[in-house]
Every structure is written in structure tokens, then in C-alpha cells.
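Read-outs throughout are calculated quantities, based only on the coordinates presented, and are distinct from any laboratory measurement. Model, not experiment: these values are computed from the prediction. Please note: Cβ atoms are built from the backbone with ideal geometry, for glycine as well, and neighbour counts cover all protein chains shown.
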Amino acid sequence: MMKKIKQAAAALISASIFFTGCSQNAANNPVAFIENPPEGTGDRFTVTFSDWNREYKYRMGAGGYTEEKDAELCTQLRKEVIEYLTQERVVLYLAEQMDITAASLSDEEVKKIDEQVQKNLKKWYESYEADAKLALGSDFTEDELLKKEQELFEKFLSQTGITVEDFTMWETNEQIRLKFIEKVGESVEDKTVDDFVQSTIDSAKEMYEKDIATFEKTYTAFYIPEGSRKVQQIVVMIDDISASEVKAYRKDGDDEKADEILNAALEKVKFRIDEAYEKLQNGEDWKKVQEEYNDETSTNDVDFNLYPKSSTIDKKIIEAAMSIKNKGEYSEIQKTDAGWSIICYKDDLKFTDEEIKSLNDQGREFLVQQESYKKVTDFLKDYPYVLNYELLNLEDPESTTASEKQ
């Protein structure tokens, strides 16, 4: 279920907009409808060309897009708008079956909606500040500035067919959608969540053993391998030109030439890592030495998660880090293709109680979203939409499939 674009960068809002015109008859024509909807629902699922076109124009204008310059993006936008509007009607209907409607919202929820609407409108007005000041000249009050911002925004809205009242409708529908999801979530049992989280953890463990690169990219939030540590570094780097040449020769398979360049570059900066190591040996504070010598200053006082089988960290660094006996101690000086390093063993890496709770919260959220989406897709299987691809200016996927078979 896609969310509506309600705010865009100010620089794009005043961009030129190309809109295709249509007759009054075409405006009332349906671009999406259900042929045999549930009994008693009438045409509540129907989306007219006017319904769709005003939303499309609004999103086009909000993004500063034109059909002439952004044809491919606009095609995608046309699809997104019709999908959003059809699904929105289904969600509102399903929510109503659960007695969730605009009328059922509490005073607090209505207040929250109004506050969000005002916040969204305020952002829109502020996005016109530069244009408003230009129009007013050098002498104006804050009230005059706000009024001019509102005028410019309302002029933009008039080009789309959207009104300020639509902002309230959007937020109301969003509140109904969230309550629908919450209601669906009541059927998701704790055991289902626990089983799902454990299954994900088991998959993460398996991935760590079989495909460490995928594990580090996707699964680190679900499993911490035994022996993992939090570490910090002091890095004295070689010059950029030498580093680039080393990388290039390594890539070409010429390790001999790469080592020759690397060793020469390392020798030039060896004195700095020796100074850092000597100060540590003499008992100087790690943080103080790190601040003085670490060339990667953005990593000062930053803990890195280090896994015993990591594929992204130099093996020599992993071995050095894992060989440190006690927390707070540091490694011998290590040589890498980037320069010299000293590693400090800060702590064992393990899940905190908050992170474990977060895992379960994320698992529940995922399952609830999945169950909510399933209710919508199940409805659409029983009551599929028919789309007018010609009016939507979209290619009919069935005709595309047929042409591919020929």
C-alpha cells in the first residue's frame, strides 16, 4: 500500500508542468472498476478519470515533472496512482467491515489528523517563501508573506484539481488504514511471531556458515556469531596515489608490483604508527592516541562489529583482533594495503535486551503488514479490478503478453 506524496523539494515545485486535457465526459468515465462488486456496495470501488487525473497532476506538480521531459517516470507514476486509489478503496471497505470509519475515530485521533494536516500545509507554504518574497518586494509583514505563500500554493492546487480539504481526507484515510492494520494485527499470535523470529535467526545462522557476504549484507540484525567483537582502530594511511596503484595492480594479478609500491609507501608513514604504538605502550589513553594519529578521523571513538568469518575485513586484521586476550587491550601493528593499523578490543558483541525486544517488534510488524496486505489481495482475487488502459495512457499487459507470444 503506497503512501501519497504530500511534500516535495521547494526547488521543484515551481517547475513547468504539462497536463493533458480531457472532455467533461471523459472526466466522468471510469478508469478502474469492479464488474461484480460485493452486494450493496454500488460503485464505491469505481475510480473515475477525474479521481485519478487530479491525483496524478498533484504528484506531477509536487515533483516538478513533465510528461515531455520525464516520460518514463510519468508512466510509472500513472501506474502508482491507479494502484494506490484502487487499493485505498479496498482498504476503506475492509476497514468498514470492522467498524472502522471516519465517524468512529476518537476526538484525539481527529485532533491528530488536523495537526498533521496543518503541519503538511505549513511545509507547503514555506516552500513558496522565496517566490513570495520576490513577488512582494522588499517591504512586507509576516502576515503578508504568509498570505502570498498561501496564494501561490492555492494557484498550484487549482492546476491539479486538488483542494486543501483533500489533505484532511488523505490523513483521515491514512488513520483508518493504520487502525485497519492494527485490527488485523490482533489475530497475529505471539507464538506465530516467536516462530517467525526464530526461523529468521536460524536462516541467519545458516547464511553465516554458507554465504558470509550475504550474511553481512542482510542478516546481521538477526544473529551474532560466537566470538564476535566490538573493536576500534587507529589507521595511519598511505598516500592516495599509491593506494590506487596498489589496488589496480592487485586487480590485474600483479602482486609483486603491488607489494613494491605498497612497501615504499608504508615506509614513509611508518614513524607515525610507531609513535602511536609507543605512546600506547607507555600507558597513554587509547582515545587520546586515536584522536592524534587516526587518519580516518570519522571512526574516532566508533565501535566496529567484527565477525570471525567476515568477508569485508582483511584477514590479518580479523586474526589480530581475535588474538587480543582482554577487553581494552590492543594488537600489534598490522600492515594492510591501506596503511598501518592498531586494533583495540573494546567489548564482546552481543544482543542487548532492547535489541532482542526490537527483533520481536520488527517480526510482529512484518507479519501484521503481511497479513493486512493478504486481506487486500484476497479481496482483489475475488473481486478483480478492470482498468481502462487507454484512458490511463498505459500499455495493457495482456496485449503485451500476446504480442510477445507471436
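Peptides 49-58, 126-135, 281-290, 348-357 ranked from most to least packed by the mean count of surrounding Cβ atoms within 10 Å: 49-58, 126-135, 281-290, 348-357. Its DSSP H runs of at least 4 residues, each contributing -39,500 (n - 2.57), put the calculated 222 nm mean residue ellipticity of the chain at -19500 deg cm²/dmol, to the nearest 500.
Grab the beta carbon distance between N120 and K205, set R0 = 60 Å, and tell me the FRET efficiency rounded to 0.05.
On the way: r = 44 Å, r/R0 = 0.74.
Between N120 and K205 the formula returns 0.85.
Which FRET efficiency value, to the nearest 0.05, is calculated for D252 and K327 with the Förster distance at 45 angstrom and r the Cβ-Cβ distance? E between D252 and K327, to the nearest 0.05, is 0.60. Quick one: Cα centre-to-centre distance for the stretch 245-278 and the stretch 126-140, in angstrom? Going from one Cα centre to the other spans 57 Å.
Going down the list K57/K179; K316/K350; K183/K357; K191/K375; K217/K287, which pairs span over 26 Å between their C-alpha atoms?
Details: K57/K179 29 Å; K316/K350 23 Å; K183/K357 22 Å; K191/K375 21 Å; K217/K287 29 Å.
Flagged as over cut-off: K57/K179; K217/K287.
Here K279 is the anchor, and the aspartates and glutamates within straight C-alpha reach of less than 12 Å, apart from those fewer than 8 places off in the same chain, are E292. Compared with the dominant Cα axis of the chain, that is its longest principal axis, helix 353-382 is turned about 30°.
Quote to one decimal, in nm, the extra length available between V164 and D301 on full extension: 0.36 nm per residue of separation minus the C-alpha distance between them. Can you show the working numbers first?
Details: separation 137, 0.36 × 137 = 49.32 nm, distance 4.89 nm.
Full-extension gain reported as 44.4 nm.
With Cα Rg over 2.2 N^0.38 Å in mind, check (i) 1.39; (ii) 1.18; (iii) 1.24 and report the label derived from this structure. Only one listed value fits the structure, namely (i). Cut-off under 13 Å on the C-alpha distance; same-chain residues fewer than 8 positions from K205 excluded. Which aspartates and glutamates are left, in chain and number order? The qualifying aspartates and glutamates are E216, E226. Computed from Cα atoms, the angle from the helix 240-252 axis to the main principal axis of the chain rounds to 90 degrees. Against the chain, whose longest principal axis is taken from its Cα atoms, helix 49-63 shows a tilt of about 40°.
Which peptide among 233-241, 68-76, 206-214 comes first, and what is the full order, when sorted by highest mean count of other Cβ atoms within 10 Å? Don't jump to the answer; show the numbers that get you there.
Values: 233-241: 18.2, 68-76: 12.7, 206-214: 14.3.
Result, highest mean first: 233-241, 206-214, 68-76.
The simple Förster model, with R0 at 41 Å and r as the Cβ-Cβ distance, assigns E186 and E83 a FRET efficiency of 0.90.
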